[in-house]
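Written below as structure tokens is the structure these notes are about.
The values are calculated or read from the model by the stated rules, or taken from the named source; none is laboratory data. The structure presented is a predicted model; accordingly, all values stated were derived computationally and were not measured. Note that each Cβ is placed from the backbone with ideal geometry, even for glycine, and that neighbours are counted across all protein chains shown. Heads up: the accessible areas ignore ligands, DNA and RNA and are worked out on the full protein's heavy atoms, side chains in. Shrake-Rupley method; radii C 1.70, N 1.55, O 1.52, S 1.80 Å.
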Amino acid sequence: MTGPDPVDVRLLSAVAEVGRASVPDIAGRLGMDVREVAARLAALSTTGLPLVVGVECDQQGIRNALAVAQQWAAQNAAGGPHPAAGYSGPHPMSGPHPMSGPHSAPAPVPGPPPMPPAPAAPQPPMSTWGPPGSAAWARGDQPAPVPAQPPATTGTIGTKLDVQGVSGERISIQLVEVVDPADFLFTAAGHELQAGERSVVVHTELTNHGQVPFPSLPDMYLELITKDGAPIAKAPVTMSSRPPHRMGVQPGETAGGHTIYVLPESTELAAVRWTPQPGDQQRTLLWDITGL
């Protein structure tokens with residue numbers, strides 16, 4: 001009898017700690033690939049554990065995507081390959097020649113065989129899906145132009161910045177405090193730092209001003225940005241003295257939480273960055289912390 005997989009044990013420990021979270025959040029906490037986390041959780045849910053792996057989506061957005069993909073597939077199937085224009089090949093003649101009479105016509109002198117049509121050049125594979133809202137989304141045959149990205153909304157420690165969430169939520173996020181270094185808090189919580197490492201604690205508050213619930217962890221993609229522009233993701237640890245964020249913020253509520261980072265001791269930090277999802281520069285918030 002083999003023992004439990006150490007990765008599964010680590011994964012289940014993170015799930016037990018948060019209770020309810022999305023697959024990308026669990027993957028971010030553990031520094032794992034989202035697909036591996038999803039596959040492992042789906043497999044674990046079939047072993048009798050009290051674990052449910054769910055899915056959530058923008059229903060209308062998915063329906064629109066399917067409709068566009070099906071329309072493209074139908075048009076592509078209807079087109080099909082066509083023979084090369086102007087090429088007919090030899091045509092056999094049946095029955096007696098109209099001018100043959102009682103005598104056989106002389107055998108025709110064979111000419112050069114007709115040239116076959118040139119093979120069509122191979123086409124690059126097309127993506128049915130493509131980036132939503134782009135030409136490739138509708139046609140799948142051309143790369144979409146890269147739109148100009150708006151500048152990020154910026155502030156400093158203590159600033160409250162407004163942004164609209166992916167589902168239309170009207171929210172604001174305040175960078176309350178940055179503790180750097182926070183090694184004394186980290187070790188007091190029972191965690192250990194390796195030689196040459198330091199810890200940082202970031203305290204943020206999210207206020208939901210709209211009528212739509214904010215469904216995710218407020219710090220799911222909260223990152224530290226170094227002076228070289230490199231992002232540092234949060235560490236998969238928590239502190240009882242500095243409670244973490246909880247999943248979701250209801251309309252009219254303000255929810256605070258602490259995010260912990262472990263980084264090389266010599267790393268120089270420039271900013272704290274928040275996005276609702278990776279690469280969403282339209283909704284990026286940035287706080288300058290170079291004055292620490």
Practice task
Just grab the label-to-label distance for Q250 and R63, each label 7 Å out from Cα along the Cβ direction, in nm (one decimal).
Solution key: 2.9 nm
Practice task
Order V166, V37, most accessible first, counting only protein heavy atoms with a 1.4 angstrom probe.
Solution key: V166, V37
Fill in the blank from the handout: Ordering 54-61, 69-76, 235-242 by per-residue average of other C-beta atoms within 10 angstrom, highest first, gives 235-242, 69-76, 54-61
Completion exercise
The rounded separation in angstrom of the Cα centers of the stretch 154-185 and the stretch 62-76 is 39 Å
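Could you sort V200, V68 by their accessible area in this structure, using a 1.4 Å probe and putting the largest first?
V68, V200
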Completion exercise
Going residue by residue through the stretch 270-282, the Karplus relation 6.51 cos²θ - 1.76 cosθ + 1.60 with θ = phi - 60° gives ³J(HN,Hα) values, rounded to whole Hz and with x marking Gly or Pro, of 10, 7, 10, 10, 10, 9, x, 7, x, x, 7, 6, 5
Fill in the blank from the handout: Residue-normalised value, i.e. accessible area per residue, for the stretch 194-292 at 1.4 Å probe, in Å², stands at 46 Å²
Problem - Whole-angstrom gap from the stretch 224-283 to the stretch 199-220, using each part's C-alpha centre - result: 10 Å
